[in-house]
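Here is the structure we will look at.
The values are calculated or read from the model by the stated rules, or taken from the named source; none is laboratory data. Since this is a predicted model, take the numbers as computed values, not measurements. Cβ sites come from the backbone with ideal geometry, for glycine too, and all protein chains shown count toward neighbours.
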Amino acid sequence: MSSDEQKRLVFECLPTQIKDKRGQLIRVQIYEASDFEGLRQMYDRFEPKGLECGLPPYDDQVRLRWLHHLVSNLFNVLAIYGDRVIGHSAMALSCSPLCPEYLIFIEKGFRNRGIGTALSAVMKEVAKKFGCDKVVLTVRTANTRAIKVFKRMGFSFCGKIEPCRDMEMTLKSARTGRRIK
Ligand SMILES: CC(C)(COP(=O)(O)OP(=O)(O)OC[C@H]1O[C@@H](n2cnc3c(N)ncnc32)[C@H](O)[C@@H]1OP(=O)(O)O)[C@@H](O)C(=O)NCCC(=O)NCCS
């Protein structure tokens, strides 16, 4: 299947917009190369940098390389307010077995408005559509807000009890669902 066909199938399960808790409309869209500058600017504005397992990287050059890596290798979805990128989530959907690591960042002024939950729900549907067995992530135990969102999605803790803990979400429907990769 061509990458255009894959994208079209994934688009079918993406809502094109989210209404946040303030009633503001946030557009949701698959990352395109023309979005790079907007994404870079979001991470330039992002605060605090470096807190979540060193991400987003504090150093400008390292951050730029990290971003190039993400957009070249991962499946990326953006949350956009007006013409401003305010949220980004990503998963690697070309690895095998399909147990991608999940990443999500919402810009400071837009947190606690339901956007992280809504975007994560979209990514869960994407993972199901791709036939992922599970999705994994690492989170600081002190990041109780992120943990609340991840548990709500169906993630649970696994592995060693450490300051940064692994979480995983098993996608039971993956085996029976339509696999598009
Ligand atoms: C974690 C993050 C993605 C969540 O996205 P968000 O849009 O802020 O999340 P939502 O608004 O959908 O949900 C947050 C929930 O946590 C609750 N919350 C807020 N602060 C909290 C805290 N300190 N402890 C526990 N829960 C908290 C909110 O009330 C909300 O719950 P509710 O919907 O029941 O009211 C976002 O805050 C973020 O990008 N943070 C910085 C980067 C980060 O931590 N990324 C994850 C790295 S693993």
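Quick look at the numbers
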| item | result |
| --- | --- |
| Only listed residue being of a type outside the set (Gly, Ala, Ser) and in a loop (DSSP other than H, G, I, E, B), chosen from 7, 21 | 21 |
| Selected residue (only one of 45, 63, 40, 22 is at pLDDT 95 or above and either hydroxyl-bearing (Ser, Thr, Tyr) or loosely packed, with under 11 Cβ neighbours inside 10 Å (or both)) | 22 |
| Strands (runs of 3 or more DSSP E) contained in the stretch 45-154 and holding at least 2 residues in contact with a strand residue (DSSP E or B) (Cβ under 9 Å, 6 or more places away or on another chain) and more than 10 Å from the ligand (Cβ to nearest atom) | 75-81, 84-91, 134-140 |
| Residue check for residue 101: of a type outside the set (Lys, Arg) and touching a residue at least 60 places away in the same chain (Cβ under 8 Å) | no |
| Those residues of the stretch 100-121 which are crowded, with 18+ Cβ neighbours inside 10 Å and within 14 Å of residue 75 (Cα to Cα), in sequence order | 100, 102, 103, 104, 119, 120 |
| Residues located in the stretch 41-74, provided they are touching a residue at least 60 places away in the same chain (Cβ under 8 Å) and over 23 Å from residue 163 (Cα atoms) | 42, 43, 45 |
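Conditions (1) more than 16 Å from the chain's Cα centre (by Cα); (2) closer than 19 Å to residue 14 by Cα, marked per residue:
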{"residue": "46", "(1), (2)": "no, no"}
{"residue": "67", "(1), (2)": "no, no"}
{"residue": "80", "(1), (2)": "no, yes"}
{"residue": "88", "(1), (2)": "no, yes"}
{"residue": "97", "(1), (2)": "yes, no"}
{"residue": "107", "(1), (2)": "no, no"}
{"residue": "122", "(1), (2)": "no, yes"}
